[in-house]
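Beneath this line is the structure, given in C-alpha cells, with notes to follow.
Read the figures in this text as sums done on the coordinates, not as results from a lab. From a predicted model like this one, the values you see are computed outputs, not experimental measurements. Positions of Cβ are backbone-derived with ideal geometry, glycine not excepted, and every protein chain shown enters the neighbour counts.
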Amino acid sequence: MNKVVLAYSGGLDTSVAVAWLREQFGVEVVTLTIDVGGGSLRAGVERRAMSAGASKAYVIDARDRFTTDFVWPHLQANALYQGAYPLATALARPLIAQLLVEVAARESADAVAHGCTGKGNDQVRFDVAVHALDPGLEVVAPMRVGMGLSRDQEIDYAHERGIEIPITKSSPYSIDVNLWGRSCETGVLEDPWVAPPADAYEWTVAPSAAPDPVEVTIAFEGGIPVALDGDRLPPVELIERLHALGGAHGVGRIDHVEDRLVGIKSREIYEAPAATILHAAHRALEGLTLSKDTLRFDRLVADELAQLTYDGLWFSALHRDLRGYVASSQRVVSGDARIRLDHGSAIVVGRRSPLSLYDKSLATYDEGDAFDHAAAVGFIEIFGLPLRVEAARHGAVGKHHGAAWTWTDPLLDSLPTTIEEAAGATSA
Ligand code: ARG
C-alpha cells in the first residue's frame, strides 16, 4: 500500500485517521470530501485535511449526481427499507464508493479508506461497492484495524500533531446527513422504549408546535418530481424547498427499530421531510396511473430494491435490472399530487394526471354511470366458482349452531392470545 484515498467528512474521527494512516502504514493520504447535501459539507475541510497531513484534499459537490442517479430511482420505486426508512444513508454509500474509486484511479492510488466501525452497515456497503467497481483496490477501515481511540484520546492525538479539529460540541448521538435524510442513533435512543428527546431532532419542529396546515402541489414526469406549486425546479432545489417546508410543519420524523445487515436490531431516529412528502405524493399519483397488477408487482420490486440497497448490493446485476424495470414502468407516472402538511403529517388530498386510468363514468354512483351492473352477476358466478367447489368438497368454513353461525379455525383456537400466555410460552 503506497497511496490511500480516504473518505473524509472533516470530523474528528477522519481527521485523526489521516495522520494515523500515514504513521501506521507509511502511506501518502489523499482525502475526498463529498457534499451530498443536508449540511454534509463542513466549512474548512480542505484546510483541516492538509493540517492532518493529507497530500491533497478533494472536495466534490455531488448533490446533483446523488439526486438523479441514486435518490430518484428509489423514489420512483417507492423503496423504503422495512417499509419505513427512506434509505438516505444507504443511498449515499454507493455514490461515495464510486467517487473513491474514480479519485483512486486518477491519483494512481492502490487503496481507499473510510471511517466506519466494525458493527454497522456502512462498512459493508463501502467494502462491497469498492470491490465490485475495482477488485484490485485495498480497502482500509482504521476504526476496524486498531485505531480504536476514545473521543478524548482522539483530541489529544490531534493536539500533539497540530491537527486542526472542528469546534463542535460532542453530540450524544451518531449522526449521518445528506439531502434525503438525517440518521440519528446511539445514546439514550438505544433503549427502544425511551421516547426520543427533543435534541435527537434537528430538521423538524415538534408536530404540536407546527403552524397552520399548508398545501403543496407536486408535479411529476415519469415518476420524477419536477415542479412545486407550478414552479419548475432543478432536483436539488426542489428537495431543499420541501425539506424546509416539511421541517417547519413537523413532517418526516421516523422512529424505527431496524434489522441491520450484521444481524442485530437497532433503534434509529430518522428525519426525512422531503422524502416523506415525495413518497406520499408519488404513490398517490401511481394509484391513478398504474394498473392494479403493476401496483401489486411494484411492491415486490420496492422491497427487493430497498433490501439490496440497504445491504450494500447497489452494483449487483439484480439491482441494475430492477432499476431498469422501474424506469420502464414509470413512464406513465406523470401528473400532479396535492399534499397537505398538517402537524407532522403529509396527507394526500388530491391527484390528477392526463394519463389517469381513473374513469369517472365507470366509478360514479350518480348519473352518467356507464358500468354494466347486470354483467356483474356473471362475473361473480365465475370468479367465485373455485371457492364454491372447495366448500362443497372440503366442507364449509362456517358452521350453524341452531340459529347462530360461527367461523371455525381449529389452529387459531390453540394459539396464546394474552400477553401473559405468550410470556409463559417463551419462558417455559
Ligand atoms: N441505520 C442506517 C443505515 O444503515 C443509518 C446509519 C447511519 N450512520 C451513522 N453513522 N449514524 O442506513
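Tell me, how many Å apart are the Cα centres for the range 219-287 and for the range 1-24?
33
What is the set of long-range amide H partners of Asp110 at a cut-off below 5 Å, with H atoms built 1.01 Å from backbone N?
Hits under the 5 Å cutoff: Asn2, Lys3.
Where a Cα-Cα gap under 26 Å defines reach, which lysines qualify for Lys292, not counting those fewer than 8 residues away within the same chain?
Straight-distance partners of Lys292: Lys360.
So if each residue of separation counts as 0.36 nm, and I subtract the Cα-Cα distance between Met1 and Glu102, what length gain in nm does that give?
Once the chain is fully extended between Met1 and Glu102, it gains 34.6 nm.
Let me know the Rg and Dmax you get for the range 17-84 when you use only its Cα atoms, in Å.
In Å, with Rg to one decimal and Dmax whole: 16.6, 46.
So what's the back-of-envelope 222 nm ellipticity for the chain, counting only DSSP H runs of four-plus at -39500 (n - 2.57) apiece and dividing by all residues, rounded to 500?
Here the helix-only value at 222 nm equals -12000 deg cm²/dmol.
If packing is taken as the average count of other Cβ atoms within 10 Å, what order do 28-40, 49-61 fall into, highest mean first? Intermediate results must be reported in sequence, preceding the final value.
Values: 28-40: 22.8, 49-61: 19.3.
Highest-to-lowest ranking by the protection proxy: 28-40, 49-61.
Hey, which aspartates and glutamates would be in cross-link range of Lys265, C-alpha to C-alpha under 18 Å, not counting anything within fewer than 8 residues on its own chain?
Of all the aspartates and glutamates, those that pass the test against Lys265 - Cα under 18 Å, at least 8 places apart if same chain - are Asp122, Glu185, Glu190, Asp191, Asp255, Asp311.
Tell me the label-point distance for the pair His131, Arg260, using the 7 Å Cα-to-Cβ offset, in nm and rounded to one decimal.
Between His131 and Arg260, the label points sit 1.9 nm apart.
Just check the range 64-214 against the gyration tensor rule for me: Cα atoms, a ≥ b ≥ c as the square roots of the eigenvalues, rounded for a/c under 1.5, and otherwise prolate or oblate depending on whether a/b exceeds b/c.
Oblate, since a/c reaches 1.5 and b/c is not below a/b.
Averaging sequence separations of C-alpha pairs under 8 Å and six or more residues apart, then dividing by the length of the chain, give the relative contact order as a whole percent.
17
Could you work out how far apart the two model spin labels at Ile380 and Ser55 are, taking each label as a point 7 Å from the Cα in the direction of the beta carbon, and quote it in nm?
Going by the 7 Å Cα→Cβ label model, 7.9 nm.
Measuring from label point to label point, each 7 Å out along Cα→Cβ, what is the Ser345 to Ser361 span in nm?
With each label point 7 Å from Cα toward Cβ, the separation is 3.6 nm.
Please compute, for the alpha-carbon atoms of the range 300-372, the extent along each of the three principal axes and give them in descending order in Å.
Result for the range 300-372: principal-axis Cα extents of 54, 38, 19 Å.
In whole Å, what are the Cα extents of the chain along the three principal axes, biggest one first?
Cα extents, longest axis first: 87, 62, 48 Å.
Rank Lys399, Lys119, Lys265 by mean-square fluctuation in a GNM of the chain with C-alpha springs under 10 angstrom and give only the top-ranked residue.
Evaluated over the chain, the most mobile residue of the options is Lys399.
Rank the residues Glu164, Glu23, Glu268 as a footprinting-exposure proxy: fewest other Cβ atoms within 10 Å of their Cβ go first.
Glu23, Glu164, Glu268
Can you pull the percent of Cα pairs in the range 217-339 with separation above 22 Å? Don't skip to the end; give the middle numbers.
Working: 3453 of 7503 pairs.
Cα-Cα pairs in the range 217-339 separated by more than 22 Å: 46 percent.
On a 0 to 90° scale, report how tilted helix 122-133 is relative to the longest principal axis of the chain, with both axes built from alpha carbons and the result rounded to the nearest 10.
The answer is roughly 80 degrees.
If you consider only alpha-carbon coordinates, what radius of gyration and Dmax does the range 310-418 have, in Å?
According to the Cα coordinates of the range 310-418, Rg and Dmax are 24.2, 64 Å.
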